[in-house]
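*Asks:* Before anything else, here's the structure in question.
Since every read-out is calculated from the coordinates, none of them should be taken as a lab result. Please read all numbers here as calculations on a predicted model, not as lab measurements. Positions of Cβ are generated from backbone atoms using ideal geometry, with glycine treated the same way; all protein chains shown enter the neighbour counts.
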Amino acid sequence: MDKKHTIQRISNKKRGKPKVRFNFMIIVIICLLVFAICFVFYMINANVKGNALDDDDDENIPQPVTASDVQEGTDVQQQTEPVSEAPAVNQDIVYPLPQSEAKGKDYFEDCCLITDGTLLNMSKNTDLKDIIGNSQLGAANCNTMTVSSSYGNLKPYEIIKVKKPNKLYIMLGYDIGTSTPEDMISNYTTLVSNIHSFLPNTDIYIMQLPPVPATTPESSAMNNDIINSYNTKLLNMAKSLGVYCIDTNTALRGADGAISGEYWSEDDGWLTSKAYKAIADYILTHTA
């Protein structure tokens, strides 16, 4: 029997290689794993070094002070700015400032005075004309009370920022008896410190309060014992800030430690014209 031959035809077409399919889920899983690993490392680092990082951040946060950059003829806008580093304390200053060679009246041309009700009449009786203050201003509210000026109703610090005087005199303390000495000195210190930081080249003079008559009762909120105690605190404040302090109390003091009769008006219970002139003369003979 003849064998049947099976003829197999070989196709000329090549068999195609299996195709690689793109699986989107694999990519998603990989991304999730990477994210999870990074998150674990982040949490470990934050727990181990977190306190150190927080300390560094706190050191770099500037201490803000509220003030206004004011220009004459423009609207006033409040803004917050950091206080620059306080100037180094001058170790050569003598407290209180001793007598010096007398200056001429032109010395007052670039002087400015911040005061409460105590020296508001300086401009009427002396050549010191640039006065910032009102009868409501005191040591305790010197950073919040606004006063009238050619730039509008502003706080003393804001006005000084604009004026930038070469010499600044400050007498605050008329609110003795209505404010605590702690509040007065604390806020007074803030005002002087901010001005000194912003205008390090301005000579700042803290003026001690003048005495009151000997007839003032010891129980009064403003007797000479209370004034002397407050003036001592002013002297120590000036030392700590590195600014000048002048003993204007001595300028008006009599032999009994009270204000001299020629400097006090019994009629209106206020300083006389001679008193203002005596303070002006004392300023001119006690300069840095």
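*Asks:* VAL147's amide H: which non-local residues (gap 5+, or another chain) put their own amide H closer than 5 Å, with H modeled 1.01 Å from N in plane and none for Pro or chain starts?
*Replies:* Long-range HN contacts for VAL147: LEU154, LYS155.
*Asks:* Still on this structure, please answer the following. Mind giving me the FRET efficiency for SER100 and PHE41? R0 is 51 Å, r the Cβ-Cβ distance, nearest 0.05 is fine. All intermediate terms of the calculation are to be shown ahead of the outcome.
*Replies:* On the way: r = 68 Å, r/R0 = 1.33.
My answer for the efficiency is 0.15.
*Asks:* Checking the table LYS163/LYS274; LYS103/LYS155; LYS163/LYS239; LYS124/LYS163 against a 27 Å threshold on Cα-Cα, which pairs fail? Intermediate values should be presented prior to the final figure.
*Replies:* Values: LYS163/LYS274 29 Å; LYS103/LYS155 30 Å; LYS163/LYS239 25 Å; LYS124/LYS163 21 Å.
Checking Cα-Cα distances, LYS163/LYS274; LYS103/LYS155 exceed 27 Å.
*Asks:* Subtracting the Cα-Cα distance from 0.36 nm times the residue separation, let me have the gained length for THR144 to THR250 in nm, one decimal.
*Replies:* Separation in residues times 0.36 nm, less the Cα-Cα distance, equals 35.1 nm.
*Asks:* Quick one: which of 94-102, 172-180, 121-129 comes out on top by average Cβ neighbours within 10 Å, and what's the full order, highest first?
*Replies:* Final packing ranking: 172-180, 121-129, 94-102.
*Asks:* List the residues whose amide H sits under 5 Å from the amide H of ILE132, counting only those 5 or more places along or on another chain, with H placed 1.01 Å from N in the peptide plane.
*Replies:* Distant-sequence amide H within range of ILE132: LEU113, ILE114, THR115.
*Asks:* Could you give me the ³J(HN,Hα) list for segment 105-111, computed from phi with Karplus coefficients 6.51, -1.76, 1.60 and θ = phi - 60°, whole Hz, x at Gly and Pro?
*Replies:* 5, 5, 4, 6, 5, 10, 9
*Asks:* Once fully extended, how much extra length lies between MET25 and THR180, figured as 0.36 nm per residue of separation less the alpha-carbon to alpha-carbon distance? Can you show the working numbers first?
*Replies:* Working: separation 155, 0.36 × 155 = 55.80 nm, distance 7.30 nm.
So the extension gain works out to 48.5 nm.
*Asks:* Run through segment 183-288 and list the GluC sites (Glu not before Pro) located in a DSSP loop whose Cβ has at most 12 other Cβ atoms within 10 Å.
*Replies:* Here the sparse-neighbourhood loop sites are GLU218, GLU266.
*Asks:* Here's something else I'd like to know. Could you tell me which of rounded, prolate or oblate describes segment 93-284, using a ≥ b ≥ c as the square roots of the eigenvalues of the alpha-carbon gyration tensor, with rounded for a/c under 1.5 and, failing that, prolate when a/b is larger than b/c and oblate otherwise?
*Replies:* Rounded is the answer for segment 93-284, as its axis ratio a/c remains below 1.5.
*Asks:* Hey, another quick one. Under 5 Å between amide H atoms, partner at least 5 residues away or on a different chain: which partners does ILE259 have, H built in plane at 1.01 Å?
*Replies:* Here the answer is VAL212, ALA214, GLY254, since their amide H atoms fall under 5 Å of that of ILE259.
*Asks:* Taking square-rooted eigenvalues a ≥ b ≥ c of the alpha carbon gyration tensor, is segment 176-288 rounded, prolate or oblate, where a/c under 1.5 means rounded and, failing that, a/b exceeding b/c means prolate?
*Replies:* Taking the square roots of the gyration eigenvalues as a ≥ b ≥ c, segment 176-288 is oblate.
*Asks:* How high is the FRET efficiency from ASP110 to SER219, r the C-beta distance, R0 51 Å, rounded to 0.05?
*Replies:* Efficiency, rounded to the nearest 0.05: 0.75.
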